[in-house]
Amino acid sequence: RILLDTGDENVPEYQKNLAEVVQSEQVNIEHIVLTHWHHDHIGGPIIWKHKRSPEDAPDAELPTTIPNNWLSDGQEISVEGATIKIHHTPGHTTDHVVLTLAEENILFSGDCILGEGTAVFEDLFTYMGSLQRILDLNPCLIYPGHGNVVDHKRSPEDAPDAELPTTIPNNWLSDGQEISVEGATIKIHHTPGHTTDHVVLTLAEENILFSGDCILGEGTAVFEDLFTYMGSLQRILDLNPCLIYPGHGNVVDIQYYIAHRNQRENQILDALKNNSDKRLNEMDLVRIIYTETPEHLWPAAAYNVNHHLTKLTKENKIKCLNVDGENKWQFSTRNCSL
């Protein structure tokens, strides 16, 4: 058998179910294929249960007798009754791959396509190219790394994708624009940060706001630029809506979003201030701030810290210095208000 990703060690229910299936079906796992490096896809202890000997230390590397090979684009892996093919699909991460099962024309999408919410990406340009590649593969079904199965199969009657007919108006929205129908008037508010073109909408009659992906009802939003994103949150706060309806999840409180971001930002400022004689990079700050976070999650934390550092630099609260080709940051003593 082939196991795709090993899951998250912090989700015991999944690990328990997987172990029970392996035992009850007497499965012999011949290959473990990891779609990308994120902890929720590689952290499951199933890897160690099936790959380690009792003599191996808990934190040891895989035994050298176990093959540990990089996947290559177009590579095929076969076991009895199944052949999977590897397709490099960067964007979510640079190393991300999806897999197709030839016998059934189905695709396992990892985190490139999710069955709930929207995917996070490191690079939008390459991510969109990967989505196009998956579209070209035309699988019947897509099994994502999270959420429900995505039905991608077209019926024979489906026409090819076409542009909107020219008889249908297709207009860009503008900041402050109002659109009215009987009993309702919505107003457009440009709120960049999540994306440069993002807008939220207010319903004048009930003083409620539809936040798209600027504010989510589960987790915290992803952003392209933290500085502009925080400005957009402040703009929403100034609108003072009674309720906020997000694009995903339940109705939310904007104060939570701002407080969460400000708390992390203050931790970064304190770390730089307490080490004002030093020049620190993202990982230096992660080691200081994320003391209770498992070390394998630090690279993701450093990515988040970088957004905060970029914002604080734009605000002239800290200095960004190039040290031997690497960006490092230092507390700005000129900012006497801190």
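Quick rundown of the values:
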item: Where a residue in the range 13-35 is assigned by TED's automatic domain parsing to the domain that holds residue 88 and at negative phi and its partner, wherever it lies, is of a type in the set (Gly, Ala, Ser) and assigned to a strand (DSSP E or B), with Cβ under 9 Å and at least six apart; result: 14/7; 15/7; 18/7; 34/110; 35/109; 35/110
item: Conditions (1) in a loop (DSSP other than H, G, I, E, B); (2) surrounded by 13 or more Cβ atoms within 10 Å (Cβ to Cβ): number failed by residue 189; result: (1)
item: Qualifying residue in the range 16-29 (condition: crowded, with 17+ Cβ neighbours inside 10 Å and modelled with pLDDT of 65 or more); result: yes
item: Hits in the range 78-89 - residues which are at pLDDT below 85 and in a loop (DSSP other than H, G, I, E, B); result: 80, 81
item: In the range 111-144, residue modelled with the lowest pLDDT [restricted to those that are within 18 Å of residue 95 (Cβ to Cβ) and among the aromatic types (Phe, Trp, Tyr)]; result: 125
item: Residue in the range 194-224 that is farthest from the chain's Cα centre (by Cα), counting only those that are of a type in the set (Gly, Ala, Ser) and more than 12 Å from residue 235 (Cα to Cα); result: 204
item: Residues that are under 21 Å from the mean Cα position of the chain (by Cα) and either surrounded by fewer than 14 Cβ atoms within 10 Å (Cβ to Cβ) or among the aliphatic types (A, V, I, L, M) (or both), drawn from the range 268-284; result: 283
item: Residue selected from the range 285-335 under the condition surrounded by 15 or more Cβ atoms within 10 Å (Cβ to Cβ) and of a type in the set (Val, Ile, Thr), by the criterion nearest to residue 272 (Cα to Cα); result: 318
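The values are calculated or read from the model by the stated rules, or taken from the named source; none is laboratory data. What you see is a predicted model, and the numbers here were worked out from it, not measured in a lab. Heads up, the Cβs are rebuilt from the backbone with ideal geometry, glycines too, and the neighbour counts pull from every protein chain shown.
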